[in-house]
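Peer 1: One structure follows; several queries about it will come next.
The values are calculated or read from the model by the stated rules, or taken from the named source; none is laboratory data. Nothing here was measured: the structure is a model prediction, and the numbers come from that model. Cβ: placed from backbone, ideal geometry, glycine included. Neighbour counts: every protein chain shown.
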Amino acid sequence: MSVLMALLIAGPLATSVPAFAHGAGWQIEDTGNTKTYRFGYTDGSPMAFAEVVVTTKDGKVWQKARTDRIGQFSLGLGGTPVPDAPSELHIKVADGMGHVVQLTYQPTDTTADTVTPGGGQTAAVSSVTAIQGTPALFDLPIWASILFGCSILTNLFGGLLLWQRRQMARKQSN
């Protein structure tokens, strides 16, 4: 039994297999007065029908929507009069399963629009940008992944041992 346990623990450490994380990200396309965002997961699948909430700098809801089946959401400010146009918009997209993407959009200067991921660094937006993302919930460091895996194995073997002892106790009582 101890040899089997050692092989199960050492096996994943001996071979290196690439891990495929499942985070969420976005891509933006600038088409004049409309900004089209494509939200998707880091594996390439779309963030379909995710809830989108756009709020102004002072926290008022500007727009509520859902992404379409291919994960796209369009934000159009072309018809908004300049005095009524917000200076900064916060876009939050949540799929209801733990993936959340937060962006800050500043529409003040149409020649150099900026998108700030999660309120962090600002990146200039070109016609189409590459997908940018946020990490998945379970994107853990290697030591935490190993510890998590060992915990699962220990609990699994502990449950099997308890079940086996219970079966032996039932046989002895009969």
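Peer 1: Just to be sure I understand the filter: pairs with C-beta atoms under 6 Å, separated by 6 or more residues or on different chains, first member in the range 90-112 and small (Gly, Ala, Ser), second member assigned to a strand (DSSP E or B) and modelled with pLDDT of 80 or more. Which pairs pass?
Peer 2: If the second residue must be assigned to a strand (DSSP E or B) and modelled with pLDDT of 80 or more, the pairs left are Ala94/Glu51; Ala94/Val100.
Peer 1: Residues to consider are Asp68, Asp58, Asp43; find the one that is at pLDDT below 85 and of a type in the set (D, E, K, R).
Peer 2: Asp43
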